[in-house]
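To start, the structure itself, in structure tokens.
The values are calculated or read from the model by the stated rules, or taken from the named source; none is laboratory data. Worth saying up front: this structure is predicted, and the values here are computed from it rather than measured. Heads up, the Cβs are rebuilt from the backbone with ideal geometry, glycines too, and the neighbour counts pull from every protein chain shown.
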Amino acid sequence: MGRDTMIETTKNEWMEWVKAIVVALLLAFLIRTFLFTSYEVQGESMEPSVFDGERFIVNKVGYGFSDPQRFDLVVFHASETEDYIKRVIGLPGDQISYTNDTLYINGEEIEEPFLEAMKKDGRDRYTRDFAMEEIVPEDHVFVLGDNRPNSLDSRRLGFIPMDHIVGKVDLRFWPITDVGIVK
């Protein structure tokens, strides 16, 4: 094999590597932009369901085919610079109230099994009583943190437009000991 042939072969190999890297980067960009993204929790507003520092995969395409469901964990744009993770409590058309730590939606008592551990911590009241005078408007949701005494959520932020929802939290991937589907 001549020297020119070796140079040409090496050049072709490098071009193949460059093409492979460019394609991989492009695929990663497309997947992260349109399908899935990662999210790291900051703060304690979702304890005991979700803890500070945990990391999740957020499904960005699911709500393109269906609407959020009650009790879904979602990530949404709270401002131009901050995203929050909260639980969907109210859907369009719902009227939300709490009395004596009991959730009422449209006057009907609704169980929240994910709060049982927090309610048993010895507090007399976990969720302060409140009643939303407005119903949840079309294309909006009402969200709350599971750590009700320490959560910035729809009680202060108001109703969340559905187009501010980044996606549904589907999978915990950090810490490695807690990897799994999120409910």
So which pairs qualify, if the first residue must be in the range 127-151 and in contact (Cβ under 8 Å) with a residue 24 or more places away in the chain and hydrophobic (A, V, I, L, M, F, W, C), the second must be part of a helix (DSSP H, G or I) and surrounded by 13 or more Cβ atoms within 10 Å (Cβ to Cβ), the Cβ gap must be under 7 Å, and the two must be at least 6 apart or on different chains? Phe130/Arg155; Val141/Met162; Phe142/Ser154; Val143/Ser154; Leu144/Ser154
Test: Val136 is outside any strand (DSSP E or B) and in contact with a Pro (Cβ under 8 Å, 6 or more places away or on another chain): yes
Does Lys86 fit the bill of being within 17 Å of Pro161 (Cα to Cα), modelled with pLDDT under 85 and either touching a strand residue (DSSP E or B) at 6+ places or on another chain (Cβ under 6 Å) or surrounded by 18 or more Cβ atoms within 10 Å (Cβ to Cβ) (or both)? no
From the options Ile57, Ile85, Ile110, residue that is more than 21 Å from the chain's Cα centre (by Cα) and either among the β-branched types (Val, Ile, Thr) or over 27 Å from Ser38 (Cα atoms) (or both): Ile110
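Pick out the one residue from Glu111, Glu116, Glu138, Glu134 that is closer than 26 Å to Gln42 by Cα and either surrounded by fewer than 21 Cβ atoms within 10 Å (Cβ to Cβ) or of a type in the set (A, V, I, L, M, F, W, C) (or both).
So the residue among Glu111, Glu116, Glu138, Glu134 that is closer than 26 Å to Gln42 by Cα and either surrounded by fewer than 21 Cβ atoms within 10 Å (Cβ to Cβ) or of a type in the set (A, V, I, L, M, F, W, C) (or both) is Glu116.
So how many residues does the range 165-182 have that are in contact (Cβ under 8 Å) with a residue 12 or more places away in the chain and either in a loop (DSSP other than H, G, I, E, B) or closer than 21 Å to Met132 by Cα (or both)?
Count: 2.
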Residues of the range 34-78 being surrounded by fewer than 19 Cβ atoms within 10 Å (Cβ to Cβ), touching a helix residue (DSSP H, G or I) at 6+ places or on another chain (Cβ under 7 Å) and not in a loop (DSSP other than H, G, I, E, B), in sequence order, are His77
Is there a residue in the range 92-111 that is in contact (Cβ under 8 Å) with a residue 60 or more places away in the chain, in the same structural domain as Pro175 (by TED's automatic domain parsing) and within 30 Å of Asp178 (Cα to Cα)? no
Got a number for residues in the range 165-183 being closer than 19 Å to Leu91 by Cα and surrounded by 18 or more Cβ atoms within 10 Å (Cβ to Cβ)? 5
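Filter the range 65-91 down to residues that are among the basic types (Lys, Arg) and closer than 13 Å to Leu157 by Cβ, then give me how many there are.
The qualifying residues number 1.
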